[in-house]
Amino acid sequence: MTRLFGVLVAAALLAQCSTRGVKSQTAEAMRNEELAVDAAVPMPFGVMRAFEPGVSMPILVKSAHPQYTATALRAKVRGSVILRAVVDANGAVAEVQVLKPLEASLDAAASQALARWQFKPGTCGGEPVAVALVIRMAFTTQ
């Protein structure tokens, strides 16, 4: 496995664990942080949030992992970049915004990787719509 991994739905996956231990508490804390950071940044006009009533989430079809930059690797920078991606009605990532930065080169790497992701579009009332997703990409030097 590579030295880094991107986490799209870590909070959801960890919350599905059968035990309510440290992992699920961490997942809940991570999700709360993501929601707070997202709420503090204005939503683009005409874009829906994935958790709004009647809105179905876009489904990931293809992902790309960000590359750890040499500078960040040497400095042993670890942590997460929290991003918002707008998935348009065609399933393409139309806009990427860094909500919580980590380190400039890793922020850029995460943004570039996320821009290459592809989705089956989210819907509202059965029609494809632009939906904003909050995505955490984690970097670790293990």
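The values are calculated or read from the model by the stated rules, or taken from the named source; none is laboratory data. Computed from a predicted model, the values in this text were never measured in an experiment. Positions of Cβ are generated from backbone atoms using ideal geometry, with glycine treated the same way; all protein chains shown enter the neighbour counts. Please note that ligands, DNA and RNA were not included when accessible areas were found on the heavy atoms of the full protein model with its side chains. Shrake-Rupley method; radii C 1.70, N 1.55, O 1.52, S 1.80 Å.
Tell me yes or no: at least one residue of region 114-125 is outside any strand (DSSP E or B), of a type outside the set (A, V, I, L, M), open to solvent by 10 Å² or more (accessible area, probe 1.4 Å) and touching an Asp or Glu at 6+ places or on another chain (Cβ under 9 Å).
Yes - at least one qualifying residue is present in region 114-125.
Does region 62-73 hold any residues that are within 25 Å of residue 29 (Cβ to Cβ) and part of a helix (DSSP H, G or I), and which are they? It would help to see each step written out before you state the result.
As a first pass, look at region 62-73 and keep what is within 25 Å of residue 29 (Cβ to Cβ): 63, 65-66, 68, 72.
Within region 62-73, 72 is the sole residue that qualifies.
Going through region 74-126 one residue at a time, which ones are among the acidic types (Asp, Glu) and within 15 Å of residue 59 (Cβ to Cβ)?
Correct list: 88 only.
I'm told residue 64 meets every condition in (1) buried (at least 19 other Cβ atoms within 10 Å of the Cβ); (2) touching a Phe, Trp or Tyr at 6+ places or on another chain (Cβ under 9 Å) except one. Can you identify the failing condition by its number?
Just one mismatch for residue 64, condition (1).
Go through the residues of region 42-55 one by one and say whether even a single one is of a type in the set (Phe, Trp, Tyr) and farther than 24 Å from residue 27 by Cα.
Among the residues of region 42-55, at least one is of a type in the set (Phe, Trp, Tyr) and farther than 24 Å from residue 27 by Cα, which makes the answer yes.
Starting from region 57-70, take each residue that is charged (D, E, K, R) and list its partners that are modelled with pLDDT of 90 or more, counting only C-beta distances under 6 angstrom and pairs at least six apart or across chains.
As it stands, the answer is 62/118, since those pairs meet every condition given.
For region 74-113, give me the residue count where each residue is open to solvent by 40 Å² or more (accessible area, probe 1.4 Å), in a strand (DSSP E or B) and of a type in the set (Gly, Ala, Ser).
Of the residues in that region, 2 qualify.
Report, ordered by the first and then the second residue, all pairs with beta carbons closer than 8 Å, sequence separation of six or more or different chains, a first member in region 39-53 that is assigned to a loop (DSSP other than H, G, I, E, B) and surrounded by 10 or more Cβ atoms within 10 Å (Cβ to Cβ), and a second member that is modelled with pLDDT of 85 or more and of a type in the set (S, T, N, Q).
Every condition considered, the pairs that remain are 41/97.
Identify, from the list 115, 109, 138, the residue that is small (Gly, Ala, Ser), out of contact with any His (no Cβ under 8 Å at 6 or more places or on another chain) and modelled with pLDDT under 95.
On the way: 115 fails: modelled with pLDDT under 95; 109 fails: modelled with pLDDT under 95.
Step by step, each of 115, 109, 138 is checked, and only 138 is small (Gly, Ala, Ser), out of contact with any His (no Cβ under 8 Å at 6 or more places or on another chain) and modelled with pLDDT under 95.
Considering every residue within region 131-139, establish whether at least one is open to solvent by less than 10 Å² (accessible area, probe 1.4 Å), of a type in the set (Lys, Arg) and assigned to a strand (DSSP E or B).
No, there is no match, as no residue in region 131-139 is open to solvent by less than 10 Å² (accessible area, probe 1.4 Å), of a type in the set (Lys, Arg) and assigned to a strand (DSSP E or B).
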